[in-house]
Amino acid sequence: MSARGRFLSALVTVVTAISAFTVAGALPATANSGTVRYVALGDSYAAGQGAPPYDLDKACKRSSKGYPALLAAEKHIRLEANEACSGAKTADVAKQLSALNAAQTRLVTLTVGANDLNVSAVANTCLRTPADCEKAIQMALRGLSMLGSDLTHLYAEVAEAAPKALIVVTGYPHLLESTAPFDPRLIAALNTATDELNDTIQKAVHAADPTGTKIIYVDVVDAFAGHGIGGTEELFINDSGVDAFHPNAAGYVAYADAISAQLPDAWLDKQKQLA
């Protein structure tokens, strides 16, 4: 290749990288290193509960197999803080925002909302005492309107505390597959309730950022399809024990992959993607 050809090729590479950052609305924290400074917020799904050992924080059940650590393994992403904690509700995440840096944070991930509706307790009720399932679900769903308002406010707070960041909000997977050994009506009711929770989260994202340029929603239902409890594929959800109804290590890989698919290519390790 001629010197002119090499120059044009390099120029195209630089322009492509800059364009990728611009589309996402976030630039690398350090121009020289290209490092994207990342903060993880949220509940047990963000902490990594279900994929022990909890080597990052036992009390909050933070695991190095959780999706924040997996994203941090990307070439240009550095996890500055993981504030996610098992049991966290929307109000608790508001207390995690001190980890955000207005000048430097460029990526924020956030999973929260299930604990506000006590989803794990509802699932336990449905599987152990099916007769009480419908009542438990309806009681939980009564909180959706308040949750939507709280989430909209929380997302706006995150955007204000990290004005230069791309904020990625995730939903939750279906816990049960249609082939699970339970009453089909129970399975449908639980999964429909998850859909309503996810819809509330997605609408709150839109309310906080109507343009969709700063805060984006990532759905994981399709990523977990076939891998829920009772599925025919590799299990992504713990089906028993203290970590029941939480993703396992494979499930968190699915979460990380779903999030990575929404990030600029320039942030990711292309060699790892091709491996």
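Shown for the stretch 172-275 is the translational diffusion coefficient from the Stokes-Einstein equation, using the Kirkwood radius over Cα pairs, a temperature of 4 °C and a viscosity of 1.567 mPa s: 85 µm²/s. Given axes a ≥ b ≥ c from the Cα gyration tensor, I'd like to know whether the stretch 47-169 is rounded (a/c under 1.5), prolate (a/b larger than b/c) or oblate. Oblate, because a/c is 1.5 or more while a/b does not exceed b/c. Counting every other Cβ atom within 10 Å of each residue's Cβ, Lys164, Lys95 order from fewest to most as Lys95, Lys164. Does the stretch 44-115 come out rounded, prolate or oblate by the C-alpha gyration tensor, with a ≥ b ≥ c the root eigenvalues, rounded set by a/c under 1.5 and, if not, prolate when a/b is larger than b/c and oblate if not? Oblate. Taking the DSSP beta bridges with both ends in the stretch 3-274, the antiparallel portion is around 15 percent.
Could you work out how much longer the chain between Glu134 and Val242 gets when fully extended? Use 0.36 nm per residue separation minus the Cα distance between them, nm to one decimal.
Numbers: separation 108, 0.36 × 108 = 38.88 nm, distance 2.35 nm.
Answer, rounded to one decimal: 36.5 nm.
When the alpha carbon gyration tensor of the stretch 3-274 is reduced to an equivalent ellipsoid, its three semi-axes come out at 34, 20, 17 angstrom, largest first.
If you take the square roots of the eigenvalues of the alpha-carbon gyration tensor of the stretch 125-181 and sort them as a ≥ b ≥ c, do you get rounded (a/c under 1.5), prolate (a/b over b/c) or oblate? It is oblate, given that a/c is not under 1.5 and a/b is not larger than b/c.
Other residues whose C-beta falls under 9 angstrom from the C-beta of Arg37 contribute a net charge of +1, scoring Lys and Arg +1 and Asp and Glu -1. Loop sites here are GluC sites (Glu not before Pro) outside DSSP states H, G, I, E and B with no more than 12 other Cβ atoms within 10 Å. The longest part of the chain free of them is 1-232.
Filter the cross-link list Lys89/Lys214; Lys135/Lys214; Lys65/Lys135; Lys61/Lys95 down to pairs whose alpha-carbon distance in this structure exceeds 27 Å.
Details: Lys89/Lys214 23 Å; Lys135/Lys214 38 Å; Lys65/Lys135 35 Å; Lys61/Lys95 18 Å.
Check vs 27 Å cut-off fails for Lys135/Lys214; Lys65/Lys135.
Computed from the coordinates by the stated procedures, all read-outs in this text should not be read as laboratory data. Please read all numbers here as calculations on a predicted model, not as lab measurements. Because the Cβ atoms are built from the backbone with ideal geometry, glycine has one as well, and the counts that use them run over all protein chains shown.
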